[in-house]
Amino acid sequence: MIKQKLNTFFKNKWIKKCLLAGVGVVILTFIFFVSIYFGAFGKLPNSKELSNLKQAEATQILDKDKTLIGKYYIYDRQPLTYEQFPEHLLNALIATEDVRFYEHDGVDNISLLRVLFKTILFQDKSSGGGSTITLQLAKNLFGRDNHFAFSTIINKVKESIVAKRIEKIYSKKEILTMYLNTVPFPDNTYGIESASRKFFSVPTSSLTLSQAATLVGTLKANSFYNPRRNIENSKKRRDVVLQQMLKYNYITENQLTTSKTEVIDLDYQSFNHDLGLAPYFRAQLKKELAIVLEDYKKPNGEAYNLYKDGLVVHTTLDYQMQKYAEEAMQLHLTKLQEAYEASYGKNAPWQTNKKLIEKTIKTLPAYKKYKALGLEDTQIMDSLAIKHEVEVFNWKETKTENISTIDSLKHYLKFLNTGMIALEPKTGAVRTYIGGIDYRFFKYDHVSQSERQVGSTFKPFVYTAAIDNGMKPCTYFSPDAVTYTDYKNWTPTNSGSKEEDPHINYNLEKALSQSMNTIAVKVLNEVGIDKVLKQAKKLGITKKLPKEPSLALGVAEINIQELAGAYASYVNSSKPVKPYFITKIEDKNGNEIVSFKPEVKEAKAYSDYTRQVMLQIMKSTVNSGTAARLRSTYNLKNNIAGKTGTTQDNKDGWFVGITPNLVTVNWVGNDNYNIGFKTTGLGQGANSALPIFAKFYQKLNADSNYSSITKSSFETPSSEVLEALNCEEDKRDGFLKRLFNNKKKNERKFNKKD
């Protein structure tokens with residue numbers, strides 16, 4: 001009876017068709033699977049390839065104490081070993097992403113079938129991902145291909161095949177290690193170590209339970225649960241992770257309660273090249289590394305790849321000192337910018353000077369592009385006047401505005417910029433490096449690329465040459481102006497409105513500490529230009545300097561690094577140094593590729609006597625001269641020598657600060673050389689550049705870790721030096737000399753002979 005019913009059932013044509021269809025589906029599914037297995041939809045990695053997995057690893061940039069300050073990468077990935085993962089991190093991951101991780105062979109069949117049927121057949125998006133940690137690893141390592149309508153199922157099958165192969169080759173610990181080193185976190189961050197340092201500024205091994213749960217929670221949806229952008233979503237997801245950990249007995253009720261009440265306190269540090277600490281330094285370092293690595297190859301003969309090979313670059317930079325320097329710069333420039341704009345009022349050149357604006361517009365890439373296309377100027381200007389959304393820099397708040405290219409140019413024309421370097425004078429090791437105010441918007445580097453007129457910061461080199469060639473520190477000069485008839489009647493004058501008594505003569509210490517222009521030129525005239533040029537060359541100045549009297553006033557354009565290296569000689573046994581910032585490069589296994597040593601000249605640039613005299617004179621600059629506000633306004637008690645500098649029309653403000661173990665150079669000015677400070681009071685180096693140094697040292701003084709710098713003392717000058725400087729700072733002309741003084745005596749020819 002049953003047999004008869006079965007025969008009748010199978011003879012039904014619809015039943016036959018359904019059965020045939022079912023068999024067909026099974027066959028097609030088998031063929032489909034086999035085709036995927038053998039690479040019809042893209043080659044699958046074989047066991048050999050899986051055994052030799054190579055993932056692009058970020059090159060790490062470390063400061064002098066091995067603190068991470070940045071990376072170069074395609075993917076921000078920084079690998080760890082299994083032993084470096086805290087247990088609560090591993091437990092959070094397993095409880096949330098794959099609770100049966102230790103039981104399956106790479107594929108959780110029940111979960112996978114649920115996804116295949118509910119997601120693919122019934123379009124139920126709430127069915128969950130069904131991925132194991134190993135499946136996710138397969139996806140992380142090899143990505144996904146686009147196969148149109150069948151992409152999801154094809155990729156899932158491919159990943160399941162790869163996952164099973166991975167499980168056969170690697171242990172569970174190794175799989176967890178690879179997963180945590182490759183899994184994507186928010187903000188284009190790959191690997192738990194990079195995420196830990198980026199979001200909390202701690203190594204993975206130091207993550208708290210709450211922090212670990214927060215990062216694991218982001219894996220479900222990087223953007224939606226990004227704690228930097230969506231803190232509430234992130235907190236809710238963290239609590240879900242913690243609840244899962246309780247559910248599977250990884251934590252106790254007390255741990256759950258404590259961690260859920262913990263605030264997600266981010267200490268975000270971006271290693272993006274445009275953001276984070278020392279971006280100008282990292283950009284210049286990248287250029288240097290590209291040149292250095294050209295001469296070195298891997299053991300297999302391949303070239304090193306800065307973005308993939310996980311190199312470790314040890315630098316001279318000091319992380320905390322750099323942070324203090326950037327904070328000092330930002331504090332001062334924010335206020336100085338306000339005063340700068342207020343001084344111009346409604347007559348600001350970046351708004352009213354049409355010739356300047358038009359000239360600057362013609363330097364824009366957009367203008368040149370339109371010009372190359374044959375457009376007339378009126379057409380180009382119309383195009384550049386079209387408004388569009390753009391992120392705009394401001395000290396108080398950077399925001400998106402609807403402005404034109406011309407509006408943007410006017411906006412950026414107004415900003416003061418800066419350059420700063422601090423180095424160890426005995427080696428040239430660069431400790432801080434600030435190339436500008438914000439690398440995102442001002443890419444030009446004022447440390448490595450810029451050459452600006454150095455103003456009065458050149459005067460110490462003139463005085464050094466004079467003293468080293470026999471001029472006594474107690475040589476006296478009148479501050480009255482002299483017209484040099486053989487140089488188009490050039491008449492240098494002293495800055496400020498105060499008229500000097502032409503019958504008072506000042507010694508070198510007074511003249512330099514008060515930065516008297518007239519006397520600096522007279523000293524240059526006395527010693528001879530050639531001797532000063534030779535002295536500058538001995539100090540490491542490689543730039544060809546102008547052979548003219550204005551050299552004494554700093555019309556020469558010199559790079560900040562060379563200026564710093566020259567000034568280092570005053571606290572380095574009269575020897576200049578060459579600034580450097582790479583100490584060692586290692587491969588990812590810790591093998592040294594190349595190392596670098598300080599380049600200090602063997603020969604002294606001048607005598608020890610000259611050095612001690614000059615140091616005493618520059619100490620007077622700080623104690624009672626143009627830099628005296630370091631003492632009076634900023635209350636700095638440190639052993640400091642220095643020199644202020646201001647160029648013609650207040651275009652550049654400078655300050656060089658010298659302490660026994662650190663030499664710092666600061667420059668402030670407008671990138672557009674046609675725009676200077678409105679007034680000398682605002683633009684002089686003592687007001688525009690010196691405060692950055694002052695605020696920087698206030699921060700160093702407050703940090704006991706820098707006592708070796710802040711509490712260091714200058715060498716004691718010899719009795720010969722003290723005796724040479726033991727004279728009245730000024731002398732008054734006698735009666736007869738005052739009586740017969742006339743203007744013709746103030747006209748002379750400049751000494752052109754050495």
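The values are calculated or read from the model by the stated rules, or taken from the named source; none is laboratory data. None of the values given here were measured: they were computed from a predicted structure. In this analysis, Cβ positions are derived from the backbone assuming ideal geometry, glycine residues included, and neighbour counts consider all displayed protein chains.
So here's what we get for this one:
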{"read-out": "Output for the stretch 383-437, where each listed residue is within 21 Å of Tyr367 (Cβ to Cβ), hydroxyl-bearing (Ser, Thr, Tyr) and not in a strand (DSSP E or B)", "value": "Ser383, Thr405, Ser408, Tyr412"}
{"read-out": "Residue within the stretch 36-56 that is more than 30 Å from Ser259 (Cα to Cα), modelled with pLDDT under 90, of a type in the set (Gly, Ala, Ser) and buried (at least 21 other Cβ atoms within 10 Å of the Cβ) present", "value": "no"}
{"read-out": "Matching entry among Arg197, Arg238 (being of a type in the set (Lys, Arg) and more than 23 Å from the chain's Cα centre (by Cα))", "value": "Arg238"}
{"read-out": "Residue list for the stretch 310-341, restricted to those being in contact with a Leu (Cβ under 7 Å, 6 or more places away or on another chain) and among the small types (Gly, Ala, Ser)", "value": "Ala339"}
{"read-out": "Number of the condition not met by Asn489 [criteria: (1) of a type outside the set (Phe, Trp, Tyr); (2) surrounded by 22 or more Cβ atoms within 10 Å (Cβ to Cβ); (3) touching a Ser or Thr at 6+ places or on another chain (Cβ under 6 Å); (4) on the phi > 0 side of the Ramachandran plot]", "value": "(2)"}
{"read-out": "Single condition Asp486 does not satisfy, out of (1) more than 19 Å from Gln648 (Cβ to Cβ); (2) assigned to a loop (DSSP other than H, G, I, E, B); (3) of a type outside the set (A, V, I, L, M)", "value": "(2)"}
{"read-out": "Given (1) out of contact with any strand residue (DSSP E or B) (no Cβ under 8 Å at 6 or more places or on another chain); (2) closer than 30 Å to Leu293 by Cα, number of the condition Pro579 does not satisfy", "value": "(1)"}
{"read-out": "Helices (runs of 4 or more DSSP H) wholly inside the stretch 103-217 that include at least 3 residues being at pLDDT 85 or above", "value": "172-182, 192-200, 209-217"}
{"read-out": "Residues of the stretch 426-455 satisfying the condition of being under 11 Å from the mean Cα position of the chain (by Cα), under 12 Å from Gly669 (Cβ atoms) and of a type in the set (A, V, I, L, M, F, W, C)", "value": "Ile437"}
{"read-out": "Any hit, the stretch 527-540, residues being of a type outside the set (Asp, Glu), in contact with a strand residue (DSSP E or B) (Cβ under 8 Å, 6 or more places away or on another chain) and touching a residue at least 24 places away in the same chain (Cβ under 8 Å)", "value": "yes"}
{"read-out": "Complete set of residues in the stretch 575-591 that are modelled with pLDDT of 95 or more and under 15 Å from Leu306 (Cα atoms)", "value": "Ile582, Lys584, Ile585, Glu586"}
{"read-out": "Selection count, the stretch 171-183, where residues are farther than 15 Å from Asn91 by Cα and either over 40 Å from the mean Cα position of the chain (by Cα) or touching a residue at least 60 places away in the same chain (Cβ under 8 Å) (or both)", "value": "5"}
{"read-out": "Criterion: part of a strand (DSSP E or B), of a type in the set (Lys, Arg), buried (at least 16 other Cβ atoms within 10 Å of the Cβ) and out of contact with any His (no Cβ under 9 Å at 6 or more places or on another chain) - qualifying residue of Lys604, Lys678, Lys643", "value": "Lys643"}
{"read-out": "Members of the stretch 198-223 found to be in contact with a strand residue (DSSP E or B) (Cβ under 7 Å, 6 or more places away or on another chain) and surrounded by 24 or more Cβ atoms within 10 Å (Cβ to Cβ), listed by number", "value": "Lys198, Leu215, Thr218"}
{"read-out": "Pick from the stretch 452-482, criterion in contact with a Lys or Arg (Cβ under 7 Å, 6 or more places away or on another chain) and part of a loop (DSSP other than H, G, I, E, B), ranking: surrounded by the fewest Cβ atoms within 10 Å (Cβ to Cβ)", "value": "Asn469"}
{"read-out": "Selected residue (only one of Lys637, Lys597 is in contact with a Phe, Trp or Tyr (Cβ under 9 Å, 6 or more places away or on another chain), of a type in the set (D, E, K, R) and more than 18 Å from Asn494 (Cβ to Cβ))", "value": "Lys597"}
{"read-out": "Considering residues of the stretch 287-304 that are assigned to a loop (DSSP other than H, G, I, E, B) and in contact (Cβ under 8 Å) with a residue 12 or more places away in the chain only, the residue nearest to Leu215 (Cα to Cα)", "value": "Tyr304"}
{"read-out": "Residue match in the stretch 518-528 (condition: in a loop (DSSP other than H, G, I, E, B) and surrounded by fewer than 22 Cβ atoms within 10 Å (Cβ to Cβ))", "value": "yes"}
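Per-residue answers, yes or no, for (1) part of a helix (DSSP H, G or I); (2) in contact with an Asp or Glu (Cβ under 7 Å, 6 or more places away or on another chain); (3) at pLDDT below 95:
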{"residue": "Thr610", "(1), (2), (3)": "yes, yes, no"}
{"residue": "Met614", "(1), (2), (3)": "yes, no, no"}
{"residue": "Ile617", "(1), (2), (3)": "yes, yes, no"}
{"residue": "Thr621", "(1), (2), (3)": "yes, no, no"}
{"residue": "Ala627", "(1), (2), (3)": "no, no, no"}
{"residue": "Asn638", "(1), (2), (3)": "no, no, no"}
{"residue": "Trp654", "(1), (2), (3)": "no, no, no"}
{"residue": "Ile658", "(1), (2), (3)": "no, no, no"}
{"residue": "Thr664", "(1), (2), (3)": "no, no, no"}
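Here is a yes/no grid of residues against (1) under 36 Å from the mean Cα position of the chain (by Cα); (2) in a helix (DSSP H, G or I); (3) buried (at least 16 other Cβ atoms within 10 Å of the Cβ):
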{"site": "Tyr250", "(1), (2), (3)": "no, no, yes"}
{"site": "Gln255", "(1), (2), (3)": "no, yes, yes"}
{"site": "Thr258", "(1), (2), (3)": "no, yes, no"}
{"site": "Val263", "(1), (2), (3)": "yes, no, no"}
{"site": "Asp267", "(1), (2), (3)": "yes, no, no"}
{"site": "Leu277", "(1), (2), (3)": "yes, no, yes"}
{"site": "Phe281", "(1), (2), (3)": "yes, yes, yes"}
{"site": "Leu285", "(1), (2), (3)": "yes, yes, yes"}
